[in-house]
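Written out below as structure tokens is the structure these notes cover.
Any read-out appearing in this document is the output of simple, stated calculations on the displayed coordinates, not a laboratory observation. In this text the structure is predicted, and so the values were computed from the model without any measurement. Please note: Cβ atoms are built from the backbone with ideal geometry, for glycine as well, and neighbour counts cover all protein chains shown.
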Amino acid sequence: MSKTDYGSYGVPIALPSVDEKGALNIHMVATARGGHSSMPPPHTSIGIMSSIVATLEAHPFPDLIGDESRPSIQLLQCTRDGPLMPRALREALVRLEWAETLAQPSMAAWRHRSMPRWQKIWEWAHTSSLHQRRIEQARRRLIQVLDARTRTLLRTTQAVDLIHGGIKVNALPERTEAMVNHRIAPYSSVNEVLSRYRSLITPLAREMQFALTIDGKELVPASNTTLAHVTISKRGLATDTHAASPFRGPDADPFRLLSQVIRQTWHIDQPPVTLGSLDEDTLPPSSNEWKESIRVSPATMYANTDTRWYHVRAVLLMPEPYGPNFPLWAHVTTPIPDRQVALPACPCVLCALTPDTVDEHVSIDSIVKATEFYTNLVIAVNHETV
């Protein structure tokens with residue numbers, strides 16, 4: 001991220017993604033008897049679908065921080081010294097870091113190394129729950145001070161992206177459809193999301209008198225008073241979270257290698273390459289001429305399905321020991337506006353700027369830097385494995 005990007009808090013930073021959220025598309029269909037609008041039922045298919053959507057949005061997934069959230073927390077900790085980080089957030093991060101440090105076995109041993117063995121065992125059993133409570137309290141405090149947009153990094157999200165129903169203004173709608181997109185937190189799963197649908201929509205179905213089937217299972221059967229039939233099912237995208245690649249400890253050599261290559265390639269004080277600078281007489285300056293390397297932190301990918309495709313092939317292409325544990329994705333945004341690139345950890349396409357908008361594009365600089373990055377990566381991997 002650049003220092004002007006949302007969530008960077010004024011710190012230019014590169015984000016190699018070591019894990020990935022799950023993803024799920026939910027297709028909802030409400031069918032009802034048609035007719036003239038002058039004789040409507042208590043609820044039309046559009047009315048029923050609207051109530052379902054309103055129920056979902058009135059009950060968003062809770063904000064939670066689990067052990068699986070470590071990459072996202074590490075990103076926040078890495079930008080803790082940023083000039084734009086609010087004081088309350090910085091204090092909450094310090095509090096969480098201290099609580100986790102106290103719970104580490106090495107710290108406990110240092111505090112109690114003079115105790116007899118039996119007393120150490122008793123102390124460990126007595127204080128382990130205390131340490132966990134401190135961590136949970138620190139996590140809850142962190143959630144309280146995070147803004148709504150940053151909290152989406154940590155929880156399962158839902159977004160109603162498509163809805164359609166009816167054909168004319170004076171005809172009862174016989175069919176209404178909606179699509180909901182979920183990005184599933186690392187501590188959750190597809191089954192947990194479907195279970196939440198069952199718990200929220202089943203009572204509504206009985207109240208509004210519509211039959212309900214979720215994921216092929218009939219939960220509320222049709223009766224003489226049934227106004228509509230609602231079917232909720234998975235459509236296309238349905239993937240659980242991806243297991244995290246190590247970014248700490250003895251198994252984190254692939255992450256350390258990737259971080260080294262990123263620092264070698266991206267520098268804060270290096271100006272961007274533009275179309276005007278790429279003429280026959282001028283070559284872009286080498287990264288070796290610049291001094292201030294970009295900061296690197298692990299991160300969580302927003303359930304990018306392309307990442308899985310490339311990651312499988314990274315295992316095949318990258319030599320041991322780098323294949324299985326290689327980070328999923330390196331998202332690099334430099335301190336210069338409009339200069340960023342997302343890089344899978346093996347041959348790939350570039351990720352566009354302002355993705356999923358009418359202004360989606362790839363900068364010239366990102367193509368140049370991507371080429372330099374892959375060149376440096378291949379050289380580094382070959383050097384390490386020779």
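For this structure, a couple of remarks:
- Computed FRET value (nearest 0.05) for GLU136 with GLU292, which takes r as the C-beta separation and R₀ as 41 Å: 0.60
- Spatial extent of the range 146-218: Rg and Dmax, with the Cα atoms as the point set, Å: 15.8, 47
- Counted over the range 1-84 with a bin width of 10 Å, the fraction of Cα pairs per bin, in whole percents, is 13, 25, 21, 17, 13, 10, 1.
- Across all directions, the shadow cast by the convex hull of the range 37-77 built on its C-alpha atoms averages 4.7 square nanometres.
- Surrounding net charge for ILE143, when Lys and Arg each add one and Asp and Glu each subtract one, Cβ distance under 13 Å: +3
- Label point distance in nm, THR226-ASN25, each placed 7 Å from Cα along Cα→Cβ: 2.7 nm
- The stretch between LYS168 and ASP81, if pulled fully straight at 0.36 nm per residue, gains 25.6 nm over its current Cα-Cα span.
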